[in-house]
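Participant: Starting off with a structure, shown below.
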Amino acid sequence: IQLYNGAAFIMNGGKIETHEESIDVYTDANAKIEINGGEVISTNDNVLGVRGGTTTINGGKLTSGGRTGVYISTYSSTPIDFTMSGGTLVANDCNSGAIQAYKGANVTITGNAVIQANDCYGIQAQENVVLNVSGNGSIISTGNSPAISVSDEAKVNISDGTVSSEKGAAIRTEDNATVTISGG
């Protein structure tokens, strides 16, 4: 599914399974994605490619077997807003994380959202991204990768939830990144 400027996609149920990107917002599109239920699977790429607009995940299950589960990056000065307040994101054997966010995106993980990264990062926050983690959900990485990797002046604020890595660091920071933990 490819979304261009002003498009909206709302998923309440059903199943979408692809080999490449399942749902993709094209460059700087002022698009809206809302996932409330159902299942989205990509066997060889990301389930969401978000390059503009607003994305809200309230429920459902997203499963990726590609380089990254959800890719968030913009080429404009308008930040992307990505909120996951429920549902499950599973990334298997990825290189860049269950969520890889760049270029000033605002990423919120809250409610009972579950992010499970099998043998990769849970979330990579880079290039001025602001990542807020709250609620009773979890960000879990299996293998040696951190659950959250923060770099390039990105900021992470954790007020609740579980952040853990099976064999690696729960959180790894570099390049003037900031992490603030007040709970969880």
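The values are calculated or read from the model by the stated rules, or taken from the named source; none is laboratory data. This structure is a prediction, so every number in the text was calculated from the model and none was measured. No Cβ is skipped: glycine too gets one built from the backbone with ideal geometry, and neighbour counts run over all protein chains shown. Remember, those area values only see protein heavy atoms, side chains included, never the ligands or the DNA or RNA. Shrake-Rupley method; radii C 1.70, N 1.55, O 1.52, S 1.80 Å.
Participant: Among what's in the stretch 39-57 and is farther than 19 Å from Ala105 by Cα and polar (S, T, N, Q), pick the residue that is modelled with the highest pLDDT.
Facilitator: Ser42
Participant: Look through Thr43, Thr54 and report the one residue that is touching a strand residue (DSSP E or B) at 6+ places or on another chain (Cβ under 6 Å) and surrounded by fewer than 19 Cβ atoms within 10 Å (Cβ to Cβ).
Facilitator: Thr54
Participant: Looking only at the stretch 125-183, which residues are of a type in the set (Gly, Ala, Ser), modelled with pLDDT of 95 or more and open to solvent by 30 Å² or more (accessible area, probe 1.4 Å)?
Facilitator: Result: Ser134, Ser159, Ser164, Ala170, Ser182.
Participant: Would a scan of the stretch 1-10 turn up a residue that is within 26 Å of Val133 (Cβ to Cβ) and modelled with pLDDT under 95?
Facilitator: Within the stretch 1-10, none of the residues are within 26 Å of Val133 (Cβ to Cβ) and modelled with pLDDT under 95.
Participant: Could you check the stretch 42-71 and list, in sequence order, the residues that are of a type outside the set (D, E, K, R) and within 15 Å of Gln2 (Cα to Cα)?
Facilitator: Result: Ser42, Asn46, Val47, Leu48, Gly49, Val50, Gly52, Gly53, Thr54, Thr55, Val70, Tyr71.
Participant: Something else about it: Can you find even one residue in the stretch 75-83 that is in contact (Cβ under 8 Å) with a residue 40 or more places away in the chain, open to solvent by less than 10 Å² (accessible area, probe 1.4 Å) and under 13 Å from the mean Cα position of the chain (by Cα)?
Facilitator: no
Participant: Looking at the stretch 11-36 only, could you name the residues that are under 13 Å from Gly60 (Cα atoms), not in a loop (DSSP other than H, G, I, E, B) and not hydrophobic (A, V, I, L, M, F, W, C)?
Facilitator: Once the filter is applied, which keeps residues that are under 13 Å from Gly60 (Cα atoms), not in a loop (DSSP other than H, G, I, E, B) and not hydrophobic (A, V, I, L, M, F, W, C), the stretch 11-36 yields Lys15, Glu34.
Participant: Can you go through Gly60, Gly122 and tell me which one is crowded, with 20+ Cβ neighbours inside 10 Å, under 21 Å from Pro146 (Cα atoms) and touching a residue at least 40 places away in the same chain (Cβ under 8 Å)?
Facilitator: Step by step, each of Gly60, Gly122 is checked, and only Gly122 is crowded, with 20+ Cβ neighbours inside 10 Å, under 21 Å from Pro146 (Cα atoms) and touching a residue at least 40 places away in the same chain (Cβ under 8 Å).
Participant: Additional query: Given the residues Gly6, Gly49, which is the only one that is of a type outside the set (A, V, I, L, M, F, W, C), exposed (fewer than 14 other Cβ atoms within 10 Å of the Cβ) and either in contact (Cβ under 8 Å) with a residue 12 or more places away in the chain or assigned to a loop (DSSP other than H, G, I, E, B) (or both)?
Facilitator: Gly6
Participant: Hey, another quick one. Hey, any hits in the stretch 90-112 for a residue that's farther than 22 Å from Ser164 by Cα, crowded, with 19+ Cβ neighbours inside 10 Å and either touching a Phe, Trp or Tyr at 6+ places or on another chain (Cβ under 8 Å) or free of Cβ contacts under 8 Å to residues at least 12 places away in the same chain (or both)?
Facilitator: Yes, some residue in the stretch 90-112 is farther than 22 Å from Ser164 by Cα, crowded, with 19+ Cβ neighbours inside 10 Å and either touching a Phe, Trp or Tyr at 6+ places or on another chain (Cβ under 8 Å) or free of Cβ contacts under 8 Å to residues at least 12 places away in the same chain (or both).
Participant: Take Thr18 and tell me if it is free of Cβ contacts under 8 Å to residues at least 40 places away in the same chain and among the hydroxyl-bearing types (Ser, Thr, Tyr).
Facilitator: In short, yes.
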